[in-house]
Amino acid sequence: MAETEIRDRHRLVVVGGGFGGLQCVKSLRGAGLDITLIDRRNHHLFQPLLYQAATTILSPAEIAWPLRQMLRGREDVTTLMAEVSDVDVTVREIVLTDGARLGYDSLVLATGARHSYFGNDTWADHAPGLKTLEDATRIRRMILTAFERAERLPEGEARRAALTFAVIGAGPTGAELVGIIAELAHRILPRDFRRIDTRDARVMLIEAGDRVLSAFPDTLSDYAAGALAAQGVELRTGMAVTAIDETGITIGAERIACDTVLWAAGVQASRAGGWLGAEVDRAGRVHVAPDLSVPGHPEVFVIGDTAAVSDAAGTPVPGIAPAAKQMGAHVAKILQARLRGNDAPDPFRYAHAGSLATLGRSAAIADFGRLHLRGALAWWVWGIAHIFFLIGNRSRISVALSWLWSYAIRKNAARLITRPDR
Ligand SMILES: Cc1cc2nc3c(=O)[nH]c(=O)nc-3n(C[C@H](O)[C@H](O)[C@H](O)COP(=O)(O)OP(=O)(O)OC[C@H]3O[C@@H](n4cnc5c(N)ncnc54)[C@H](O)[C@@H]3O)c2cc1C
């Protein structure tokens with residue numbers, strides 16, 4: 001394609017190759033735009049299975065795919081690995097961390113969310129959250145190293161601390177993580193160690209609210225609490241952690257020595273709102289117009305976890321992958337309509353298919369509105385849905401085999417301890 005032809009085309013910059021950004025790019029196939037997709041990482045990450053990479057069931061390559069490779073057949077898309085640090089809306093340019101600038105005619109910001117420690121940022125050093133592949137491999141290292149350390153320690157306080165695991169926050173990520181850690185300690189690892197009994201491990205789930213998985217109906221939430229307790233998870237609801245350091249956590253007046261603390265309690269939107277000088281909510285999400293554009297800047301859209309959007313009934317659209325994908329597809333539709341000369345603002349409508357959460361081996365809950373599922377049936381629905389949404393047959397087959405190996409034979413394959421800096 002001639003360079004002049006490309007330059008004459010409408011320049012769309014999409015920042016973020018996650019669920020929202022990637023869907024937007026995919027939906028614009030054949031639309032005749034000159035698209036640049038920018039991400040600070042070289043891969044698209046399937047975050048819903050991150051906890052399995054963090055807990056030795058899957059390896060990182062099974063849940064992430066190079067963006068460049070995914071888009072190799074799209075002559076209209078240029079993929080750049082770079083980090084955006086600002087947007088200059090007056091001259092319509094994005095600014096990269098190395099100072100480079102890139103002009104746009106339309107801009108889509110799909111930069112997702114990050115952890116929030118509610119102002120206690122020093123906790124991040126001791127209690128990592130789970131958002132990236134690096135987080136997952138760090139958490140896997142922390143969990144496996146704790147068992148290794150315990151094997152070498154004499155019986156006593158230090159060994160007990162090594163065998164104590166605390167997960168803060170009982171939303172889907174916390175419940176999923178804690179279920180698999182309990183499974184590892186109580187069922188998968190015992191035969192691998194000689195000096196310790198890994199079944200002695202104390203696996204705690206701590207939640208400031210009064211229920212686990214509080215976004216689910218009471219009956220499912222109660223079932224989840226029972227299923228986790230049956231797996232040996234110690235539930236502490238209605239209790240907020242007040243301190244976290246290298247030796248453990250404090251809950252009210254109680255001090256608990258523990259080597260492994262994982263954070264699953266809060267999220268904060270990416271910094272896109274600050275780049276735009278836009279109005280944001282408490283979680284930093286940009287208040288967008290009904291068509292997902294930024295008020296005053298119809299050429300800029302914010303989607304996915306970075307956008308504060310409500311459905312027709314005024315209920316906030318949840319920060320989940322299907323919502324981000326629907327927003328990406330919606331913006332693609334608007335851009336195509338505009339290129340055809342139709343500027344009518346088209347409000348975004350979110351269609352919620354249902355909510356799912358797993359609780360370790362063969363237990364899950366599913367909320368499809370009037371239909372509630374729990375136990376093994378919900379787990380199968382969850383498994384099939386996730387296999388379906390993975391990218392490419394190779395990943396589907398590989399993940400299905402890893403699950404079969406892990407669940408039927410009770411041996412998790414991805415148990416290597418790696419250190420990036422050694
Ligand atoms: C552990 C975990 C489990 C989850 N489980 C589920 C689940 O079971 N079901 C479900 O539906 N949802 C789940 N979610 C939520 C879901 O993953 C998110 O809602 C979804 O990823 C949001 O899509 P997004 O496009 O807004 O952002 P993301 O998918 O997070 O993508 C954002 C992209 O932007 C890039 N980026 C960020 N900042 C910059 C920058 N400054 N410059 C360049 N690139 C940048 C990032 O590298 C990333 O690739 C889970 C999330 C996590 C963390």
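The values are calculated or read from the model by the stated rules, or taken from the named source; none is laboratory data. Not measured: the values here are computed from a predicted model. In this analysis, Cβ positions are derived from the backbone assuming ideal geometry, glycine residues included, and neighbour counts consider all displayed protein chains. What goes into the accessible areas is simple: the full protein's heavy atoms, side chains included, and nothing from ligands, DNA or RNA. Shrake-Rupley method; radii C 1.70, N 1.55, O 1.52, S 1.80 Å.
Of the conditions (1) touching a residue at least 24 places away in the same chain (Cβ under 8 Å); (2) among the β-branched types (Val, Ile, Thr); (3) touching an Asp or Glu at 6+ places or on another chain (Cβ under 6 Å), Thr97 fails just one. Which one is it?
Thr97 satisfies all of (1) touching a residue at least 24 places away in the same chain (Cβ under 8 Å); (2) among the β-branched types (Val, Ile, Thr); (3) touching an Asp or Glu at 6+ places or on another chain (Cβ under 6 Å) except (1).
Tell me, yes or no, whether region 121-134 has at least one residue that is open to solvent by less than 20 Å² (accessible area, probe 1.4 Å), modelled with pLDDT of 95 or more and not aliphatic (A, V, I, L, M).
yes
Where residues in region 227-285 are in the same structural domain as Pro318 (by TED's automatic domain parsing) and among the acidic types (Asp, Glu), which of them is farthest from the ligand (Cβ to nearest atom)?
Glu279
Within region 355-365, identify whether any single residue is touching a Gly at 6+ places or on another chain (Cβ under 8 Å) and free of Cβ contacts under 8 Å to residues at least 60 places away in the same chain, and answer yes or no.
For region 355-365, residues touching a Gly at 6+ places or on another chain (Cβ under 8 Å) and free of Cβ contacts under 8 Å to residues at least 60 places away in the same chain: present.
Residue pairs, Cβ under 6 Å, 6 or more apart or interchain, first in region 11-39 and in the same structural domain as Ser293 (by TED's automatic domain parsing) and closer than 13 Å to Leu71 by Cα, second within 9 Å of the ligand (Cβ to nearest atom) and among the charged types (D, E, K, R). List them.
Every condition considered, the pairs that remain are Gly17/Asp39; Gln23/Lys325.
This table checks each residue for (1) more than 19 Å from Gly20 (Cα to Cα); (2) aliphatic (A, V, I, L, M).
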{"residue": "Ile63", "(1), (2)": "no, yes"}
{"residue": "Asp76", "(1), (2)": "no, no"}
{"residue": "Val108", "(1), (2)": "no, yes"}
{"residue": "Gly112", "(1), (2)": "no, no"}
{"residue": "His115", "(1), (2)": "no, no"}
{"residue": "Gly119", "(1), (2)": "yes, no"}
{"residue": "Ala124", "(1), (2)": "yes, yes"}
{"residue": "Ile139", "(1), (2)": "yes, yes"}
{"residue": "Glu155", "(1), (2)": "yes, no"}
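Scan region 260-312 residue by residue and report those that are at pLDDT 95 or above and basic (Lys, Arg).
Result: Arg271, Arg285.
Could you please let me know if Glu176 is under 17 Å from Leu356 (Cβ atoms), modelled with pLDDT under 95 and either open to solvent by 40 Å² or more (accessible area, probe 1.4 Å) or assigned to a helix (DSSP H, G or I) (or both)?
When the stated conditions are applied, Glu176 passes them.
So how many residues does region 294-323 have that are buried (at least 18 other Cβ atoms within 10 Å of the Cβ), more than 11 Å from the ligand (Cβ to nearest atom) and of a type in the set (Gly, Ala, Ser)?
Adding up the residues that qualify gives 1.
From the list Gly248, Gly277, which one is open to solvent by less than 10 Å² (accessible area, probe 1.4 Å), on the phi > 0 side of the Ramachandran plot and over 22 Å from the mean Cα position of the chain (by Cα)?
Answer to the selection: Gly248.
Scan (1) at pLDDT 95 or above; (2) open to solvent by 10 Å² or more (accessible area, probe 1.4 Å) for the single condition Val212 breaks and write down its number.
Val212 satisfies all of (1) at pLDDT 95 or above; (2) open to solvent by 10 Å² or more (accessible area, probe 1.4 Å) except (2).
Kindly evaluate Ile196 against the criterion of being touching a helix residue (DSSP H, G or I) at 6+ places or on another chain (Cβ under 9 Å), part of a strand (DSSP E or B) and of a type in the set (Val, Ile, Thr).
So Ile196 fails the test.
Can you name the residue in region 233-290 that is acidic (Asp, Glu) and touching a strand residue (DSSP E or B) at 6+ places or on another chain (Cβ under 8 Å) and is also nearest to Leu213 (Cα to Cα) among such residues?
Restricting to residues being acidic (Asp, Glu) and touching a strand residue (DSSP E or B) at 6+ places or on another chain (Cβ under 8 Å), the top hit is Glu234.
Of these, Ala110, Ala166, which one is among the hydrophobic types (A, V, I, L, M, F, W, C), within 16 Å of the ligand (Cβ to nearest atom) and either over 21 Å from Ala64 (Cα atoms) or at pLDDT 95 or above (or both)?
Ala110
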